[in-house]
Amino acid sequence: MDMAAKKVKSPRKLERHFKGVANHRRIQILLLIARSPSISLDEILDELNGNQKTFSEHTRRLVAAGLVEKAYAGRTVQHNLTPYGRIFVDFIRDFSNSTVEES
C-alpha cells in the first residue's frame, strides 16, 4: 500500500489508543505481552503480581483500545499485541529511553 494512500487517524481514534495506555499497569501489561506473546491472564498475574479482577479490567481496556487481541485456546485466553499495540510498544520503549538536551 502506498504511504500517501494511508488514512490519517482522527483525533478521536488517537484518543482511544492513548487512553488505552494511560495507566502504569496497562503499560506494564503491554510491555509484558510484547516480551511474551500468547501470554495468559494467569501468567500476567504471576509475572506482575496483580489482582485478577483489576488486571482483567486492564486487559479488557487494552483490547477496547485496539492494542491487544485475545485468542481463545481451550480454557485459556491468550493475549497478543495488535499491529497498533506493536507501534505503541516501540513508542513507549523509545520515549522511555529518550533524553532532551536543555538549551
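Towards the positive end of the charge dipole of the chain, with charges on Cβ (+1 Lys, Arg; -1 Asp, Glu), say which of S96, L30, G66 has the farthest Cα.
Farthest along the dipole direction, towards plus: G66.
So I have [x] 38, 22, 13; [y] 24, 15, 11; [z] 26, 18, 13, and one of them is semi-axes √(5λ) of the Cα gyration tensor in Å calculated from this model. Which one is it?
[z]
What FRET efficiency, computed as 1/(1 + (r/R0)^6) with R0 = 25 Å and r the Cβ-Cβ distance, is obtained for F91 and S38, rounded to the nearest 0.05?
The calculated FRET efficiency here is 0.65.
Sort 62-72, 7-17 by the packing proxy (mean of other Cβ within 10 Å over each peptide's residues), most packed first.
Ranked by mean Cβ neighbours within 10 Å, highest first: 62-72, 7-17.
Calculate the FRET efficiency for A64 and V100 from the Cβ-Cβ distance with a Förster distance of 22 Å, rounded to the nearest 0.05.
According to the calculation, E is roughly 0.10.
Please enumerate, by chain and number, the aspartates and glutamates with C-alpha under 18 Å from the C-alpha of K13, excluding those fewer than 8 residues away in the same chain.
E69
K53 to N80: extension gain in nm, 0.36 nm per residue of separation minus the Cα-Cα distance?
Length gained between K53 and N80: 7.8 nm.
Values quoted throughout were computed directly from the atomic coordinates according to the rules given, and no laboratory measurement underlies them. Predicted, not measured: the structure shown is a model, and the values here were computed from it. No Cβ is skipped: glycine too gets one built from the backbone with ideal geometry, and neighbour counts run over all protein chains shown.
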